[in-house]
């Protein structure tokens with residue numbers, strides 16, 4: 001397996017062998033039950049959903065794998081040379097300190113925001129009678145093309161979108177408590193659901 005499903009517990013710091021502190025995000029990763037294996041992909045389930053909130057289709061799907069309750073969330077991951085079997089449990093032991101991973105989650109929702117907050121515009125002058133302190137300014141020429149170009153940075157909904165952070169390094173693995181300590185920050189709020197995958201090549205941050 002090359003990944004797991006987990007949830008973000010928060011941030012803290014650990015100390016390396018040289019005594020320097022390392023900021024880390026603590027992720028409760030797994031254990032994830034294998035729901036189905038099809039070709040080079042395996043479906044993993046994380047958590048448990050209430051019976052009254054589970055559809056009959058999902059209950060029947062997971063029952064074929066020997067699971068009593070439907071998982072809270074199901075995601076597909078690529079399998080390696082040794083493919084797991086339906087009903088097996090995948091734990092955080094698939095990772096090791098020093099592994100490079102990519103973490104995907106849903107960022108915090110910020111609601112409707114202006115261009116200063118959303119796109120880091122500088123804003124207008126603050127004195128001399130100026131009244132456009134946090135406004136975007138001109139947004140399109142009037143004559144040509146006489147319309148606003150697609151992709152123009154403007155006020156709108158901020159956050160609450162799927163985002164993947166690349167090039168994160170695993171600092172520590174606690175197999176007993178199913179915890180993964182990853183250097184740096186990951187998207188989403190506390191208790192937000194995440195997927196952690198091994199990253200094969202170099203990162204955009206290298």
Rh (Kirkwood; distinct C-alpha pairs) - region 110-158, Å: 12.2
Estimated [θ] at 222 nm from DSSP helical runs (n ≥ 4, -39500 (n - 2.57)) normalised by residues in the chain, nearest 500: -1500 deg cm²/dmol
Coordinate range along principal axes, alpha carbons of the chain, Å, largest first: 70, 53, 32
Region 1-114 shape via C-alpha gyration tensor axes, a/c threshold 1.5: oblate
Percentage relative contact order, the chain, counting C-alpha pairs under 8 Å, at least six apart: 30
Gain on full stretching of the segment that runs from residue 175 to residue 2 - 0.36 nm per residue minus C-alpha separation: 60.6 nm
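All of the numbers you see were taken from the coordinates with simple rules; none came from a lab. It should be emphasised that the depicted structure is a prediction, and the values quoted were computed from it without experimental measurement.
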